[in-house]
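Report on one structure; see the data block that follows.
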Amino acid sequence: MGVYSAKGGYSGRILEVNLSTGGMEDLPLDERLVRDYVGGRGWTSRTLWDEVGPETDPLGEDAILMMVNSPFAGTPIPMSGRMHVAAKSPLSGILGDSNVGGHFGAYLKFAGYDGILLRGISPEPVWLWIDNGRAELRPAGHLWGKGVYEVDELLKQEVGDPYIKTAIIGQAGENLVRYAAIMIDRGAAAGRTGVGTVMGSKQLKAIATRGNQDVKVVDPKRFFDLVQRAHHLADGDPQTTDGRMHGTHRLVGLFDGVGDLPSYNYRQGTFEGTEKIRAEALREGGYLKRGRACYACNYYCHRSSSVESGQYKGTWVGGPEFENVKGFGSLCGNDDLEAILHFNMMANDYGMDTISLTHSLAFCMDAYDLGMLSKDELDGIDMGWGNTDAMEAMIKQITFREGIGDLLAEGLLRATAELGRNSDELIVHFKGIEDSSTDKRNDMLIGLWGLTSTRGADHLRACTSHFPNIPLDLAEELFGTKQAINPRRIDGKGALIKYNEDRVTTFDALGICKFWWWWSSRWENVNDRIRVSAEAYTALTGLEVDSEWWEESGDRIYNIERAFNCREGIRKKDDLHVPKKFQTPMETGPMKGKALTVEIVDTLMSDYYVARGWDEDGVPSRAKLESLDLGDVADELKRVVEKTNGRVPA
Amino acid sequence: MSELTFEESHEVYNTGEVAQLMKIISIEESEFLPEDVCVGCNLCELACSLFHDDVVNPRRSRIQIHRTAHTGGASGNYWDYPVLCRQCEHVYCVEACPVDCFTVNPATGSFDVIPEECISCTLCVEACPWGEIFMDPQTNIAIKCDLCGDEEPQCVEICPSDVLKLVEVAVDEGFRPVPAQGGMAY
């Protein structure tokens with residue numbers, strides 16, 4: 001196929017930067033990329049397959065870091081500002097990616113680009129300035145060593161424009177903490193899997209952008225009509241009001257009630273301090289200051305909070321989001337909400353994934369409590385449950401790789417391998433990525449997320465928890481059995497998970513936020529939204545898409561991600577790893593007695609592989625790949641699988 | 001839209017032949033609810049440019065979202081607020097224009113630029129005390145809020161936190177009120 005000439009939506013260009021040489025090029029879009037992979041995550045996954053393999057050191061010169069917005073970015077389609085960031089993960093050694101909000105993704109489109117592809121390693125710290133179709137690398141020696149907030153200010157002063165949008169790494173990224181984040185517009189994190197670490201390894205401190213290029217629309221009247229329909233779909237949806245008031249923070253109270261709120265490093269599913277840290281506490285305590293939105297978002301769940309008195313006076317932070325409240329709160333046995341906000345701000349400033357970070361903190365507390373780690377080994381820090389001064393000290397140790405922080409900065413899988421003494425039994429990870437969201441012993445619809453995900457632990461690939469809404473006969477038609485939507489039974493889960501993953505993947509390719517577009521309170525609403533966005537895609541780009549396009553694109557992208565991982569050595573044995581904590585039945589609370597056993601997972605995986613069209617070892621079959629026009633991928637996989645069945649170390 | 005010249009429009013306006021009610025877009029934020037403020041989503045900019053120009057480009061929008069400086073240092077807070085023509089009494093822009101390229105829309109009372117007549121001198125931009133008329137970076141023509149002709153203003157329709165409101169105000173013998181603008185002062 002040839003070059004894609006964009007008539008609407010897409011800008012038609014990707015900025016390729018070689019940091020080793022300083023060379024830059026505007027890459028035209030390949031037609032195949034647009035027709036088969038849509039945008040966003042589709043492009044990053046395909047490019048990773050094409051460019052990166054087992055011999056690539058994630059932090060070496062051959063590693064690539066890619067950021068792609070989407071055809072909808074920069075349009076008034078609600079929640080269309082999202083951007084997908086991907087690289088081979090320095091934490092897991094397999095596919096790594098993070099989907100992020102903020103404003104940067106849309107502004108990149110106004111600057112004239114659909115994405116950025118970063119190669120090589122810069123000999124000196126630099127920052128990338130993308131100004132309305134023109135790009136240049138500028139020295140960043142004066143920025144290196146500084147936190148994200150300060151650098152954001154300095155960049156704005158340097159170019160003399162307070163309205164530029166930024167993507168910055170903090171000291172964590174500079175110090176190659178393996179779960180460093182790229183902070184978008186100060187408050188949105190491309191956090192997971194260490195994409196910030198890759199940016200740090202390239203000595204790229206920041207990227208900033210602005211522009212006034214048009215985003216063309218092929219059929220403006222029809223597109224506008226669909227934009228308005230999309231906006232009206234939100235009205236009257238109870239999910240919308242709830243999200244605006246509390247954002248993801250509301251999940252703290254919700255999960256505690258259900259009994260799967262990770263507490264005390266997964267020892268419990270309920271937390272006695274929940275009342276002091278839940279969303280209502282944020283509002284009643286006067287900490288919640290303002291609604292705030294990502295670009296083009298009519299849901300504005302991000303919010304903005306502050307602490308105006310006491311030990312943490314002067315804290316201003318976006319959110320807080322569920323993961324941060326759970327992570328710095330219940331997971332560590334801490335019920336001090338002001339401290340949580342403060343640590344959230346620290347993590348933003350240092351540029352670090354709070355999920356992986358808080359796992360490290362909770363691990364220390366757990367190991368300390370069990371006598372597995374002494375105070376001495378913890379650099380003299382008294383890591384008792386809920387000790388907020390200790391948490392603050394340990395966050396700094398990790399950021400600056402001091403003392404035990406140097407080990408913890410490697411991620412818990414590596415850290416516990418080094419520590420020995422069965423410390424690995426305390427960690428909760430899937431394929432090397434520390435787990436997110438709820439305790440996974442809860443039910444069959446949620447428990448399996450991290451296992452089937454193509455980036456390891458994850459809560460944004462399968463997104464299955466709202467399924468009990470679906471009509472039973474439809475469940476039977478789609479998944480082969482009514483029991484598919486029963487959270488207590490394993491039947492039909494393979495087909496259900498595949499169905500979801502395929503649809504959710506296309507949301508990532510289209511760059512629209514799943515928090516509203518997907519997490520609906522009513523199942524049939526999701527189908528309405530899929531229809532509207534498919535029609536909007538056509539009105540915007542002029543590309544005719546049929547009813548199969550949505551799921552087929554998602555299926556294709558998912559398969560190429562799985563192929564990438566299989567080439568890295570992932571097989572069924574890796575899919576069967578269940579953390580020890582999850583194999584142990586829950587001891588207290590509403591989920592008492594529940595466990596995620598290897599037997600359950602084994603059954604599920606076999607079912608899932610069949611639904612996916614993969615062989616018994618979880619490798620995509622030739623037939624499946626060819627049905628998705630991925631015959632070239634099948635050839636490559638055959639070669640690799642014949643050569644080795646073992647895991648190639650990162 | 002009216003085809004009258006500036007003098008004709010003003011004469012018509014002052015003799016009361018124009019509607020006694022005019023429309024303005026008012027910015028109303030709640031003091032009490034954090035979600036009833038400008039949340040910085042920029043949807044108004046996108047809807048405005050799409051409606052007027054058939055492309056999406058916030059830099060060509062007649063409503064612009066501005067941001068305050070960070071209070072309390074680099075990590076401090078800021079807030080966003082909408083900036084758009086307040087349909088003022090004095091019409092500084094019209095007064096400054098050397099080629100009379102403005103006309104008044106009798107349905108709304110809004111003074112609008114006639115694009116073909118604009119010579120891109122930017123005197124109107126300099127004259128407006130509030131910076132509420134801008135140069136379109138693509139066409140180099142002066143643009144300002146025209147209340148979307150007489151249709152429902154797109155920014156008002158799309159604003160998710162209901163901060164932008166279309167308000168009808170009485171005009172008393174040529175005196176046009178200046179509506180409240182700007183964000184909450186905290």
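The values are calculated or read from the model by the stated rules, or taken from the named source; none is laboratory data. Please read all numbers here as calculations on a predicted model, not as lab measurements. Heads up, the Cβs are rebuilt from the backbone with ideal geometry, glycines too, and the neighbour counts pull from every protein chain shown. Protein only, heavy atoms only, side chains kept; ligands, DNA and RNA dropped before computing areas. Shrake-Rupley method; radii C 1.70, N 1.55, O 1.52, S 1.80 Å.
Details
- Count of the stretch A:487-517 residues, restricted to those that are in contact (Cβ under 8 Å) with a residue 12 or more places away in the chain, outside any helix (DSSP H, G or I) and open to solvent by 10 Å² or more (accessible area, probe 1.4 Å), is 6.
- Qualifying residue in the stretch A:625-647 (condition: open to solvent by less than 50 Å² (accessible area, probe 1.4 Å) and closer than 26 Å to A:K580 by Cα): yes
- Residue match in the stretch B:57-68 (condition: surrounded by fewer than 17 Cβ atoms within 10 Å (Cβ to Cβ), more than 14 Å from every other protein chain (Cβ to nearest Cβ), assigned to a loop (DSSP other than H, G, I, E, B) and at pLDDT 80 or above): no
- Positions within the stretch A:411-426 being in a loop (DSSP other than H, G, I, E, B) and either open to solvent by 30 Å² or more (accessible area, probe 1.4 Å) or touching a residue at least 24 places away in the same chain (Cβ under 8 Å) (or both), in sequence order: A:G411, A:R421, A:N422
- Filtered by the rule that a residue be touching a helix residue (DSSP H, G or I) at 6+ places or on another chain (Cβ under 6 Å) and assigned to a loop (DSSP other than H, G, I, E, B), the stretch A:139-163 gives A:L143, A:G147, A:P162.
- Odd one out for A:I77, checked against (1) part of a loop (DSSP other than H, G, I, E, B); (2) within 14 Å of chain B (Cβ to nearest Cβ); (3) open to solvent by 10 Å² or more (accessible area, probe 1.4 Å): (3)
- Of everything listed in (1) open to solvent by 30 Å² or more (accessible area, probe 1.4 Å); (2) within 12 Å of another protein chain (Cβ to nearest Cβ); (3) in contact (Cβ under 8 Å) with a residue 24 or more places away in the chain, the single unmet condition for B:G40 is (1).
- Test: residue in the stretch A:222-231 that is buried (at least 24 other Cβ atoms within 10 Å of the Cβ), touching a strand residue (DSSP E or B) at 6+ places or on another chain (Cβ under 6 Å) and within 9 Å of chain B (Cβ to nearest Cβ): no
- Against the test of being outside any helix (DSSP H, G or I) and either at pLDDT 95 or above or surrounded by fewer than 16 Cβ atoms within 10 Å (Cβ to Cβ) (or both), the options A:E552, A:E587, A:E599 yield a single qualifying residue, A:E587.
- On inspection, A:E434 qualifies as open to solvent by less than 10 Å² (accessible area, probe 1.4 Å), within 17 Å of A:H359 (Cβ to Cβ) and not aliphatic (A, V, I, L, M).
- Flag for A:E377 being outside any loop (DSSP other than H, G, I, E, B), of a type in the set (D, E) and closer than 15 Å to A:L408 by Cα: no
- Selection over the stretch A:337-358 of residues that are away from chain B (no Cβ under 12 Å), over 22 Å from A:L176 (Cβ atoms) and of a type outside the set (A, V, I, L, M) gives a count of 1.
- Selection of first residues in the stretch A:44-60 that are part of a loop (DSSP other than H, G, I, E, B) and of second residues that are charged (D, E, K, R) and surrounded by fewer than 16 Cβ atoms within 10 Å (Cβ to Cβ), restricted to Cβ pairs under 7 Å at least 6 apart or on distinct chains, gives the following pairs, ordered by first then second residue: A:T56/A:D62.
- Unmet requirement for A:T240, which otherwise passes all of (1) over 23 Å from the mean Cα position of the chain (by Cα); (2) polar (S, T, N, Q); (3) modelled with pLDDT under 85: (1)
- Looking only at residues of the stretch A:104-138 that are open to solvent by 10 Å² or more (accessible area, probe 1.4 Å) and assigned to a loop (DSSP other than H, G, I, E, B), we find that the one that is nearest to A:G456 (Cα to Cα) is A:I121.
- In this structure, B:F111 does satisfy being more than 9 Å from every other protein chain (Cβ to nearest Cβ) and either in contact with a strand residue (DSSP E or B) (Cβ under 8 Å, 6 or more places away or on another chain) or not β-branched (V, I, T) (or both).
- Scanning the stretch A:177-187 turns up at least one residue that is at positive phi, within 14 Å of chain B (Cβ to nearest Cβ), open to solvent by 30 Å² or more (accessible area, probe 1.4 Å) and touching a strand residue (DSSP E or B) at 6+ places or on another chain (Cβ under 9 Å).
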